[in-house]
Amino acid sequence: MRAAIHRAVDAGAHVVLATGRSLIGTRPIADDLTLRDTTAICSNGAVWWDTNSREVVRKLGFDAGPTVDALRDLFPGAVFATELTGVGNLSLGRFPDGDLWGEVREVSAAELTADPTSRLVMRWIDHTPDEVALRMLDVELPGVTWWVDNTEPWVTVSPAGVTKGSALEDLRVRLGVSEEDTLALGDGHNDVEMLGWAARGVAMGQAPATVQEAANAVTATVLEDGAATELDRWFA
């Protein structure tokens, strides 16, 4: 995968990581891929990180209080975390080891939502992704954008109107890239807007059916190097 990315970069493409991960969870991936001269889109579009200066160049936030209150009523026993960009998280309840990146400080509900955040996450302990999705079917959460994870009992919340797709459109305009020269690959529910934004949106082979349906094409799975195969289709 690393080689395919660098072939694309060498051909003049702007390769952008666009992820639901927080900045502190994204930096090691960007470093491992040795990405330079680009922007990493973190927290589903709410945080932009310059890989050269290693500085946050854009950060959007929202008041997580009303959303936390609504989700606590819907999901008894759920745990919540708000992002402290570049540092870690504040958590209401204890998450399983490995769920959160960086420092984690357990706080009260009031402390959790005292300041605006770029990313709120919820895990419903001892439940399944399908159970979470079922409860979220008809939920309306004003002032935010949210997604249910397809592999974990997890909800991710971002500022209203902020998605990977909206962030990439803003970046595309800044870079002067034409709409028809955009390609995106993804495998999660939070990739649907991005796949719809790109001139060529490609779902990974392991993506759920709803994600594949939002794409123009489907490549092989991660284990089969599907992303590299798609990049090499254009840049090998």
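Every read-out reported here was derived from the displayed coordinates using simple, explicitly stated rules and does not represent laboratory data. All values reported here derive from a predicted model rather than from experimental measurement. All Cβ positions, even for glycine, are placed from backbone atoms using ideal geometry, and neighbour counts span all protein chains on display.
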Once normalised by the length of the chain, the mean sequence separation of its alpha carbon contacts under 8 Å that are 6 or more apart gives a contact order in percent of 16
Bridge orientation stat for the range 1-138 from DSSP, antiparallel percent rounded to 5, came to 75
Least to most buried among 127, 189, by other C-beta atoms within 10 Å and fewest first, runs 127, 189
A correct fewest-to-most ranking of 100, 90 by other Cβ atoms within 10 Å would be 100, 90
Taking the alpha-carbon centre of each part, the distance from the range 3-34 to the range 175-236 in Å is 15
Restricted to the range 65-159, the DSSP antiparallel beta bridge percent, nearest 5, is 80
Options [x] 51, 38, 31; [y] 54, 44, 31; [z] 51, 42, 34 are given for Cα extents along the principal axes in Å, and the computed one is [x]
Neighbour-count ranking for 108, 43, 91, 22 (other C-beta within 10 angstrom, fewest to most) reads 108, 91, 22, 43
GNM of the chain, Cα pairs under 10 angstrom: of 63, 99, 31, the biggest fluctuation goes to 99
The chain: antiparallel bridges as % of DSSP beta bridges, rounded to 5, reads 70
Relative contact order in percent for the range 183-230 (Cα pairs under 8 Å, 6+ apart) equals 32
